[in-house]
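Structure record follows, encoded as structure tokens.
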Amino acid sequence: MPGSFVHIQCDEGIPMRRPLSIMRADASDGWIEVLFKIVGPGLRALANANIGDALSIIGPIGNGFTLHEDKPSPLLIGGGVGIPPMIFLVEHMLANRVACEPLVLMGSEIEFPFDLTQSSISTHWLSPGISTSIELLERWGICTRLASLAGFRGCYNGYVTDLARKYLDNLSSIERSKVEIFSCGPTPMLLAVASLAVEYDLPCQVSLEEFMACAVGGCAGCTVEVLTDEGPAMKRVCVDGPVFEARSVFGPSLKGQSIHTDPYV
């Protein structure tokens, strides 16, 4: 399900596995697709794997995103290596004929690792020059816009949360009441997204990124503090998450303030 991840042994000589989000999956054909950034020896070893190599993989792991019928205008916000779950969520919506019209906003400070295209889907709340989209999502008929501070052609010059703000400001109160935010990316970006959700009084689900050892709930190395009905509790990102309600994770840090940090690093 969108939000699930796998724990991959990158190389026989590297005992620690790496958690990677699932970007696409086809159960009938028996394949999954992951996208990752080369950081450190583990993922570099994985990048050097050849077609036909056998990899030890545990998964799927974790609780994914939950769609709600009363929120037919989902806003998907992905940053950096948090982009893959957003693509999986869109594909899940299409495959299950979910009655909704998603808007996908992606942010990156390195070149987007996808084929890009100029979108033919209108966004009247943006200037015509901001029209670059991910070709796969454009082919699926999904409105997508990209944000970056790197000056990429056709991308919004700023944070992806600023791009989301422009969209939300353009909606009427009735239109905004149909929006729910889904997001994945580095913690600073998720904190900014959670702040945005509080500002506009929108429900928001976030998929957390944490270092983890076992990824099956045994070591408790990926725990985060989460607000529950019974009070604060320590939850494991691997099996209790990785998807949580944003306010339950970031509530104490928000207090209605707008947060600006580099969300993609």
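The values are calculated or read from the model by the stated rules, or taken from the named source; none is laboratory data. Here the structure is a predicted model, which is why all the values come from computation and not from measurement. Glycine also receives a Cβ, built like all others from the backbone with ideal geometry; neighbour counts cover every protein chain displayed.
Results, tabulated for the structure shown:
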quantity: Elements of type strands (runs of 3 or more DSSP E) contained in the range 36-149, each with 3 or more residues being over 21 Å from residue 164 (Cβ atoms); calculated: 57-61
quantity: Criterion violated by residue 234 - all others in (1) outside the structural domain of residue 106 (by TED's automatic domain parsing); (2) more than 16 Å from residue 85 (Cα to Cα); (3) buried (at least 17 other Cβ atoms within 10 Å of the Cβ) satisfied; calculated: (3)
quantity: The range 169-182, subset out of contact with any Pro (no Cβ under 9 Å at 6 or more places or on another chain) and not hydrophobic (A, V, I, L, M, F, W, C), residue nearest to residue 125 (Cα to Cα); calculated: 170
quantity: Some residue of the range 250-261 being crowded, with 16+ Cβ neighbours inside 10 Å, within 18 Å of the chain's Cα centre (by Cα) and either modelled with pLDDT under 95 or not assigned by TED's automatic domain parsing to the domain that holds residue 80 (or both); calculated: yes
quantity: Residues of the range 17-35 that turn out to be of a type in the set (Asp, Glu) and under 15 Å from residue 49 (Cβ atoms), as a count; calculated: 1
quantity: From the options 226, 193, residue that is within 15 Å of residue 63 (Cβ to Cβ), in contact with a strand residue (DSSP E or B) (Cβ under 7 Å, 6 or more places away or on another chain) and not in a loop (DSSP other than H, G, I, E, B); calculated: 226
quantity: Test: residue in the range 123-130 that is closer than 19 Å to residue 81 by Cα and of a type in the set (Val, Ile, Thr); calculated: no
quantity: Residues of the range 150-190 satisfying the condition of being within 29 Å of residue 63 (Cβ to Cβ), touching a strand residue (DSSP E or B) at 6+ places or on another chain (Cβ under 6 Å) and not in a loop (DSSP other than H, G, I, E, B); calculated: 160, 163, 164, 179, 180, 181, 182, 183, 184, 189, 190
quantity: Residue under evaluation residue 145, criteria (1) over 21 Å from residue 72 (Cβ atoms); (2) under 20 Å from the mean Cα position of the chain (by Cα); (3) at pLDDT 95 or above, criterion not met; calculated: (1)
quantity: Subset tally (residues that are closer than 19 Å to residue 66 by Cβ and buried (at least 21 other Cβ atoms within 10 Å of the Cβ)) for the range 1-24; calculated: 6
quantity: Residue selected from the range 116-138 under the condition farther than 13 Å from residue 156 by Cβ and among the aliphatic types (A, V, I, L, M), by the criterion surrounded by the fewest Cβ atoms within 10 Å (Cβ to Cβ); calculated: 121
quantity: Some residue of the range 88-105 being more than 30 Å from residue 179 (Cα to Cα) and more than 20 Å from the chain's Cα centre (by Cα); calculated: no
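A quick yes/no check of all residues on (1) over 21 Å from residue 89 (Cβ atoms); (2) of a type outside the set (A, V, I, L, M); (3) not assigned by TED's automatic domain parsing to the domain that holds residue 182:
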{"residue": "14", "(1), (2), (3)": "yes, no, yes"}
{"residue": "17", "(1), (2), (3)": "yes, yes, yes"}
{"residue": "20", "(1), (2), (3)": "no, no, yes"}
{"residue": "28", "(1), (2), (3)": "no, yes, yes"}
{"residue": "34", "(1), (2), (3)": "no, no, yes"}
{"residue": "39", "(1), (2), (3)": "yes, no, yes"}
{"residue": "49", "(1), (2), (3)": "yes, no, yes"}
{"residue": "52", "(1), (2), (3)": "yes, yes, yes"}
{"residue": "56", "(1), (2), (3)": "yes, yes, yes"}
